[in-house]
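Working notes, beginning with the structure itself.
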Amino acid sequence: MRLTIRAALLAAIMLATFPAFAVDDMPAAAKDVKPAAGKSADVKDYTIIRLGPTEIKNSEVLEIWKGLFPGGSAPDFNSFDENIRQNVLRGLVSERLIYDEAIKAGIDKNDEVKKRLAALERQVVMQAFMEQKAKELVTDQQLQAAYAEKVASAKGQEEIKARHILVATEDEAKAIAAELKKGSDFEKIAKEKSSDKGSGANGGELGWFTKDKMVPEFAEAAFKLKKNDISDPVKSAFGWHIIQVEDRRPVQVANFEDMKEGLRSEVANKSMQNYVESLLKKADIKYLGPDGKEKPFSTSLAPAAKAGDKGDAAATAPAEKK
């Protein structure tokens, strides 16, 4: 996650005082604490810091604290000891003091800073508008229709659960295949030798996938295997694979409620693409070359197809499933 300058400052101050501080190292009690639903609305906000005439509210501190953790996974701020809480507060106070010093120095009058502020303002306004527009464009009927499409497209399809070991050369792959034929443990070898470190750490585990989710060479070989079979070395653009199929089944489609938010994102993306394309088509756009002559300009947001391109699925390799 990219931290804001504010979050980065807070993190730097915390790490400077507690070099070993990290989410993975925090006390178990702190990691397990989850704010109760509606808790923030029930707790009265209050001034936690007075900085001269300026007041900093507890709610602002908590909002910044959340920004330090990815995916809304912030532990309860109050579950930490006083030293860590004060580190966060020092970071926030430091930010205010630095800002005041910057204003005193007149940095906000700098032409380059003004340009950056104007660009940032455009981004914030545009992002807010697009979020609002996406909500307007997505209806429950569209979500139900998108789900029906998913269910229909899954009929008759099969998915497999597999592992793989990825190495750089055919000789390495053949040597590993020979070891496996003698009864060596697939998971152990994957952990030790696979260059796909993401799956390798889990014994080569790739989970469940359909044929279109892997590069063609890998998919063709994997889907020919029976349950518990191990492939001969298979070459792809990523190297040489040894594949083990653990199970096969018809494609499983989750229920509507479980897929609803994912569907909402898909429908919103498509709707926004159509909306932006409509703006492009209505706009008076002239694309000019260095000689001042007008050139053709496409208003389509769809990526241009390349020769031999089989779509996004062909660009997804097991080595990338990390």
Here are D81, D108, D185: which of them is among the charged types (D, E, K, R), farther than 30 Å from W208 by Cβ, surrounded by 11 or more Cβ atoms within 10 Å (Cβ to Cβ) and out of contact with any strand residue (DSSP E or B) (no Cβ under 6 Å at 6 or more places or on another chain)?
-> D108
Within segment 131-141, can one find any residue that is assigned to a loop (DSSP other than H, G, I, E, B) and either under 30 Å from L279 (Cβ atoms) or modelled with pLDDT of 90 or more (or both)?
-> yes
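Hey, does segment 211-218 have a residue that's open to solvent by 20 Å² or more (accessible area, probe 1.4 Å), touching a residue at least 12 places away in the same chain (Cβ under 8 Å), closer than 27 Å to N255 by Cβ and of a type outside the set (D, E)?
Yes, some residue in segment 211-218 is open to solvent by 20 Å² or more (accessible area, probe 1.4 Å), touching a residue at least 12 places away in the same chain (Cβ under 8 Å), closer than 27 Å to N255 by Cβ and of a type outside the set (D, E).
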Out of curiosity, is S94 out of contact with any helix residue (DSSP H, G or I) (no Cβ under 6 Å at 6 or more places or on another chain), closer than 23 Å to V124 by Cβ and modelled with pLDDT of 65 or more?
-> no
Got at least one residue in segment 152-161 being part of a helix (DSSP H, G or I), of a type in the set (A, V, I, L, M, F, W, C) and open to solvent by 20 Å² or more (accessible area, probe 1.4 Å)?
-> yes
List, please: which pairs have Cβ atoms under 8 Å, are six or more places apart or on different chains, and start with a residue in segment 282-296 that is assigned to a loop (DSSP other than H, G, I, E, B) and end with one that is aromatic (F, W, Y)?
-> I285/F297; K286/F297; P296/Y287
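Which residue, of G262, G308, is open to solvent by less than 50 Å² (accessible area, probe 1.4 Å) and at pLDDT below 90?
Of G262, G308, the one residue that is open to solvent by less than 50 Å² (accessible area, probe 1.4 Å) and at pLDDT below 90 is G262.
The values are calculated or read from the model by the stated rules, or taken from the named source; none is laboratory data. None of the values given here were measured: they were computed from a predicted structure. Glycine gets a Cβ as well: all are built from the backbone with ideal geometry, and neighbour counts include every protein chain shown. For the accessible areas, the whole protein counts, side chains as well, though only heavy atoms, and no ligand, DNA or RNA atoms are used. Shrake-Rupley method; radii C 1.70, N 1.55, O 1.52, S 1.80 Å.
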